[in-house]
Amino acid sequence: MTIRVMLVDDQVLLRTGFRMVLAAQPDMEVVAEAGDGAEAIEILRATAVDVVLMDVRMPRLDGVEATRRICEAPEPPKVLILTTFDLDEYAFSGLKAGASGFMLKDVPPAELLAAIRSVHSGDAVVAPSTTRRLLDRFAPMLPSGNKEPEHRQLERLTEREREVMLLVAQGLSNGEIAARLVLSEATVKTHVGRILTKLELRDRVQVVVLAYETGLVRAGGGAN
């Protein structure tokens with residue numbers, strides 16, 4: 001299956017470089033390009049895209065707001081945020097807006113290609129542990145934390161699923177969760193899948209974001 005990629009960046013030279021890397025791959029095709037978020041949204045109305053490589057600092061409509069609008073659409077493409085600096089506020093905002101991960105603009109080509117394939121297959125590019133550090137750093141942008149940790153979305157989960165969600169939010173892998181709860185890794189994977197379905201989340205990164213927003217996990221620490 002060919003992965004249809006869209007490049008969104010106001011720097012033509014950067015788009016050209018990414019296009020050359022992707023064009024050399026037998027399973028990828030650059031089907032669209034845009035110079036800002038507004039143009040990207042317009043093009044997506046008429047073009048089928050699987051993965052969007054989205055810059056954040058652009059004229060007219062930045063990448064964060066464009067990501068938010070794209071992810072609100074039914075069956076949206078996956079979005080990879082491209083940032084200049086690791087763990088900056090744009091990556092934080094992009095994840096909250098619905099992106100499946102973020103990459104540095106100077107990422108080695110092999111890592112970029114692997115990220116595109118991972119996102120296309122439904123995985124998150126950013127490890128939950130990295131997301132935790134990101135959210136810890138920008139915790140002041142989150143709700144005050146005075147409200148109860150409970151949230152009506154979380155009521156859909158069984159006790160075991162809440163337990164697994166908490167460990168995912170703390171950055172543990174499926175294998176680590178399996179060891180902690182004395183379960184098989186396959187069982188943990190099933191629980192994670194049910195959590196994503198019940199909470200209508202795209203990936204593990206969004207599990208971490210929701211855990212912070214609902215107070216299930218507090219910044220700089222563990223569970224509440």
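Derivation of every value follows stated rules applied to the coordinates shown; laboratory data play no part. No experiment lies behind these values; they were computed from the predicted model shown. Cβ sites come from the backbone with ideal geometry, for glycine too, and all protein chains shown count toward neighbours.
Given a Förster distance of 30 angstrom, what is the FRET efficiency for residue 60 paired with residue 19, based on the Cβ-Cβ distance and rounded to 0.05?
Values: r = 22 Å, r/R0 = 0.72.
FRET efficiency, residue 60 to residue 19: 0.90.
If you take every residue apart from residue 40 with its C-beta less than 13 Å away from the C-beta of residue 40, what net charge results, scoring Lys and Arg +1 and Asp and Glu -1? Each step should come with its number before you reach the end.
Values: positive: 15, 45, 60, 68, 69; negative: 9, 10, 33, 36, 39, 42, 55, 62, 65.
Charge balance in the 13 Å sphere: -4.
For the range 171-185, just list the computed ³J(HN,Hα) in residue order, Karplus coefficients 6.51, -1.76 and 1.60, θ = phi - 60°, integers in Hz, with x standing in for Gly and Pro.
x, 7, 7, 4, x, 5, 5, 4, 5, 5, 9, 6, 10, 7, 5
Under the 0.36 nm per residue contour assumption, what length would be gained going from the current alpha-carbon distance of residue 200 and residue 46 to full extension?
Residue separation times 0.36 nm, minus the Cα-Cα distance, leaves 52.9 nm.
Which ³J(HN,Hα) values, rounded to whole Hz and listed in residue order, are derived for the range 71-80 from phi using the Karplus coefficients 6.51, -1.76 and 1.60 in 6.51 cos²θ - 1.76 cosθ + 1.60 with θ = phi - 60°, glycine and proline given as x?
Coupling constants for the range 71-80: 6, 7, 6, x, 6, x, x, 6, 10, 10 Hz.
Under 5 Å between amide H atoms, partner at least 5 residues away or on a different chain: which partners does residue 33 have, H built in plane at 1.01 Å?
Long-range HN contacts for residue 33: 7.
So how far, in whole Å, is the C-alpha centre of the range 158-172 from the one of the range 70-85?
25 Å
Quick one: which residues, 5 or more positions from residue 103 or on another chain, have an amide H under 5 Å from its amide H? H modelled 1.01 Å from N in the peptide plane, none for Pro or chain starts.
Here the answer is 81, 82, 83, since their amide H atoms fall under 5 Å of that of residue 103.
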